[in-house]
Structure formats: C-alpha cells, structure tokens
Amino acid sequence: MNGEMKYKTVSYSKISTLDLPREICLQVDQFLLNSSTPLILDGTLAGSGTFIKCGNVYGILTAHHVVHNPKNASRIFDFSLDSEQQLGLIITEKRSHSFTIPMSMLTCVDVGIPKTARGGPDLSVIVLPEIRARSIEDRKFFTDISVKRQKRMKTCRSRRGGWCATGFPQCYTGPNESSTNEKRVTYIPSVTLYSHLTRRLKNNGFDFVHFNVKHAQMKGNVPPPSSYRGMSGGGVWKVCILRDVKSSAYSIDVKGTVLAGVAYCEVLSHAKPKRLICHGWESVYKNVYRELTKYRTRKKIASSL
C-alpha cells in the first residue's frame, strides 16, 4: 500500500476509468479492497464499510441506516456492554474467513441521521478498540481523514482521474457449504463499479453526489447485480492513473487516489439499478472529521478524570 512508483517520469493520463484495460482494473480492485470490508452482523451481511482513522481514533466509515436499521429492529447494531452480537469483517485475502469483534467492544459515532431515505444525511462511524484496530492495520489500509484534507478535496474537484465505487452486494453472498452454522456467511465477493458522477449538490451542511451505475460500465467476471443492496456504506473513490511516458504503460497512482464519499441509496428505473446516491468528499473531510475530532476530545477528557 505504501510502495513508491518505479516510474521516474510520469504524467497523469486522461484515460477514463470506463476505458481502463483489465490488468489495471485488477490493480484498482485490489487497492480498493485493501481499504474495504463487508459488515457482517451475527453471520449475515448488513452492509459495507471503509477503514478510516482520525489521528489515533480508528473506525469503519459506513451508512447510518446500516447500523441503525430502520426497517428491521432485530438487525440494529447493539453497542451496549451486555450486547451478545458479533461484528464480522473480512481482512484477509481468504474471503471465506471473517474477523469477529464483540459488539460490546465497539462504539458508534453518528455523523448524519437520515431525514428521508434518499435525502439523507446518512453517515456513521463504527469506532474500533485500538488493540483490534492494530491487528486489522497489519492487513488493511486505514485512510487518515485528518491529514491533507484540503488537498484531497481539491483532487476530488479536479477533472483528472475517474470514479469508482466499491462494496459487497447482498445478491452475491453465499453460505459455506461445509459449515453446520446456517447463519454463517462465508462467500462475500466485492464489486467495483467504474462510472462517473452525474450530479453534485449540498444540503444542510452535507454534500451529495449521484454515481451512475449503467450495466455496460461494470467490470469483472461476474454478472451485473440485480440490486446494489449490501453496498450501502461502501466507499466512493477518485482514482488517478499514471502513465509511463516512454512505454505508455498505465498504473494506479496510489498517492493520487483518494476516498471521496460513501454510498447509501440506490435509485431504480424500470426495476433495474440506475444510480447510487452517495455522500461526497466534503461530508467525509469536514463532517466526519469534525465528529471524530469531538469524539477524540471527549475520550481524552474522560481518560484524564
């Protein structure tokens, strides 16, 4: 994740993410997967999330409704000290292996509480205990949203690069055939969508972007999902590509690729997915940053008492 580019002379390519060759798509997929995880509540997929940190506060950025399920009370995350729930994450290449944490060890910071399903805001952060976060950090990448915030937002506003969204659609999940635990979900593949933003707006201090998800813009060896349910909470990314001037070879620009938002709602047209409604970069680098900074301050004060 932190490796330096080998190319000495490079320039930003103008190639769209829609036109990337397959070998570069595989690089992009792996890069985004290194920052992403499904959220598995007691063995069943609840949504998607992105590993972030704000200074020494580690967490998983996701959608508010994933954590506080408004449609099913039995699927609400219980963070109380006597909670018996378990949160499963995928942190290794073996997608059949989940890393579980007792929900009682976790905390939730609500950043945006939805007023309507489409209108949002819809953002939360599941705060991880530091000892568990360190174990995850050995295998996954945490975006520190407290650094280079202005530069990252500028990158998102730039015309350079293209757009991707990643997550774990529920329609692809499957049980472990050898497992006797019927609730255990062990096959949860990720999907990376290559597309573009069709709209950006602001409302009540949050920004929102619409991400186009036409089936023709899907990449990979899986059929397009019939629904993007399960991708709620997944990350939206501004992906920049580098091109070697001499060989014209393309490679992902690790430093220039930034977390740019969070998906939380799909819009259907003729019973088919049309676009994702997502929070944008200002919601991440302003709103989420502000609330985690407040949380860090409260935690510091509490520990000093």
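The figures follow:
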read-out: Eligible aspartates and glutamates near LYS246 by straight Cα distance, threshold 20 Å, same-chain separation 8 or greater; value: GLU4, GLU23
read-out: Least to most buried among VAL262, VAL267, VAL109 (fewest other Cβ within 10 Å first); value: VAL267, VAL109, VAL262
read-out: Members of LYS148/LYS286; LYS214/LYS272; LYS115/LYS299; LYS214/LYS286; LYS140/LYS255 lying beyond 20 Å, as alpha-carbon distances in this model show; value: LYS115/LYS299; LYS214/LYS286
read-out: Mean Cβ count within 10 Å, highest first, over the residues of peptides 228-241, 29-42; value: 228-241, 29-42
read-out: Ranked HIS68, HIS279, criterion: other C-beta atoms within 10 Å, fewest first; value: HIS68, HIS279
read-out: The range 57-160: GluC sites (Glu not before Pro) in DSSP loop, at most 16 other beta carbons within 10 Å; value: GLU84, GLU93
read-out: Selection from LEU18, VAL245, GLY120, by position along the positive dipole direction of the range 10-304 (Cβ); value: VAL245
read-out: Least to most buried among LYS300, LYS255, LYS286 (fewest other Cβ within 10 Å first); value: LYS300, LYS255, LYS286
read-out: Cα→Cβ-extended label distance, 7 Å offset, between ARG298 and HIS270, nm; value: 4.8
read-out: Qualifying aspartates and glutamates (Cα of each under 13 Å from Cα of LYS154; at least 8 residues distant if same chain); value: GLU282
read-out: Whichever aspartates and glutamates have a C-alpha closer than 20 Å to that of LYS71, once near sequence neighbours (fewer than 8 apart) are set aside; value: ASP42, ASP110, ASP122, GLU266
read-out: Gyration tensor (alpha-carbon) shape descriptor, the range 113-154, a/c threshold 1.5; value: oblate
read-out: Euclidean distance of C-alpha centroids, the range 135-156 and the range 14-71, integer Å; value: 13
read-out: Residue-span extension gain [ILE113 to GLN30] - 0.36 nm each, minus C-alpha spacing; value: 26.7 nm
read-out: Taking the C-alpha atoms of the range 10-304, convex hull volume expressed per residue in Å³; value: 143
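None of the figures in this text is laboratory data; all of them are computed from the coordinates on show. Predicted model only: the values in this text are computed from it and were never measured. Note that we place each Cβ from the backbone using ideal geometry, even for glycine, and neighbour counts take in every protein chain shown.
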